[in-house]
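Below is one structure, written out as structure tokens, with a few remarks after it.
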Amino acid sequence: MKYEEMEANDNMSTVIQFALLGFSDLPNLQGLLFGVFTITFIIILIGNGLLIIITWLDPALHKPMYFFLANFSSLEICYTSVTLPRILVNLWTQDGSISLLACAAQMGFFLVLAAAECFLLAVMACDRCVAICDPLHYPLVMTPKTCLQLAVGSWASGIPVQIGQTCWIFTLRFCHSNQINHFFCDVPPILKLACGDTSVQELAVYAVALLFVGVPFMLILASYIKIICTILRLPTARGRAKAFSTCSSHLLVVLLFFGSATIAYLRPKSRHSAGTDRLLSLFYTIVTPMFNPMIYSLRNKDVIAALRKLLLKKVV
């Protein structure tokens, strides 16, 4: 792979182009991986795109819950598009070279969208909490204006901090190697290539992860504790099952996303390994966005009815 460098004032070489190793350790599976990732990307685009279309077209889904679901599907498409096209290009060309600027841009977009996803999942949990625990005041609390503000706030929540963190990381000098043992420009593998002591940057990464993963997760946890307490007080088993079914899909998505992301970013540095990092990253960047539309559609009667109505209309 190509290695570009320039001489620094202190006679140390500084990397100006990286090489994403990706799945180069699996030379016999490059064609298979390209096919699998292509199909996965198509499934993500079609699945999440359908959810956006049916929540937009069907008046029965013009509710806060489905407004946030449409935002979540849009976010999933953007989030996956940051990493998957680059993986496909690298597999097709067998050239993982990426400029310093492109690597920084990929990391910045990825971190901003990941932060937005964390807070949007928290907003969706709070929405379900109000709907189940205080249904009479739900229309007054979750007004269209409030929903729009919460959605915009979620999308914009990570912009200043994550852009600042990305710029700070890329002011470091990278030397000795330009090979990123990952399939995209993620924070841990980039810090491994930096010269000198990076303990301050690593501490900052932990702090930011706690802010954008820990705070939303605590909000989600508090919401579901309140939801479960309310459900347990319902007089009939049918009522309890119906109440829980409205939020079970969201809870499953939360467990999948936050579980893998927490292990990836908050486990001790001594337990980091290239293989584990790649597996966890595949899970929360590709696998989870692929299954999210299926989870929400298969476990939601309103979505299934809207999808059936749309497909029948197309057939007619």
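The values are calculated or read from the model by the stated rules, or taken from the named source; none is laboratory data. It should be emphasised that the depicted structure is a prediction, and the values quoted were computed from it without experimental measurement. Glycine also receives a Cβ, built like all others from the backbone with ideal geometry; neighbour counts cover every protein chain displayed. Please note that ligands, DNA and RNA were not included when accessible areas were found on the heavy atoms of the full protein model with its side chains. Shrake-Rupley method; radii C 1.70, N 1.55, O 1.52, S 1.80 Å.
With both bridge residues required to lie in the chain, what share of the DSSP beta bridges run antiparallel, to the nearest 5%?
Working: 7 of 9 bridges.
If I count the DSSP bridges inside the chain, around 80 percent turn out antiparallel.
Principal axis extents for the chain, Cα atoms only, whole Å, descending order, please.
73, 46, 33
Tell me the angle of helix 84-93 to the major Cα principal axis of the chain, expressed in degrees between 0 and 90 and rounded to the nearest ten.
Roughly 40 degrees, rounded to the nearest 10.
Need one word for the stretch 30-71: rounded, prolate or oblate. Basis is the Cα gyration tensor (sqrt eigenvalues a ≥ b ≥ c); a/c below 1.5 gives rounded, then a/b vs b/c decides. Please report the intermediate quantities before stating the final value.
Values: a/c = 6.99, a/b = 3.68, b/c = 1.90.
Prolate shape, in that a/c is at least 1.5 and a/b is the bigger ratio.
May I ask which residue of V141, F109, F257 lies farthest towards the positive end of the charge dipole of the chain, with charges of +1 (Lys, Arg) and -1 (Asp, Glu) on Cβ and the Cα centre as origin?
V141
Using 0.36 nm times the number of residues separating A156 and L33, minus their current alpha carbon distance, what extension gain do you get?
Values: separation 123, 0.36 × 123 = 44.28 nm, distance 3.37 nm.
Taking 0.36 nm per residue and subtracting the Cα distance, the gain is 40.9 nm.
Sort D302, D127 by accessible area with a 1.4 Å probe, largest first.
Values: D302 75, D127 0 Å².
The most accessible residue leads, giving D302, D127.
Based solely on its DSSP helices, what 222 nm [θ] is calculated for the chain when runs of n ≥ 4 H residues each add -39,500 (n - 2.57) and the sum is averaged over all residues, nearest 500 deg cm²/dmol? Please list the in-between numbers first.
Working: 14 runs with 218 residues, N = 316.
After summing the helix terms and dividing by residue count, I get -23000 deg cm²/dmol.
Most fluctuating residue of K192, K226, K242 in a GNM of the chain with Cα springs under 10 Å: which is it?
K242
Could you order I39, I228 by accessible surface area, starting with the largest, using a probe radius of 1.4 Å? Let's see the in-between values first.
On the way: I39 100, I228 80 Å².
These residues rank, largest area first, as I39, I228.
From the square roots a ≥ b ≥ c of the eigenvalues of the alpha-carbon gyration tensor of the stretch 35-130, which class results: rounded (a/c under 1.5), prolate (a/b over b/c), or oblate?
Cα axes put the stretch 35-130 in the oblate bin.
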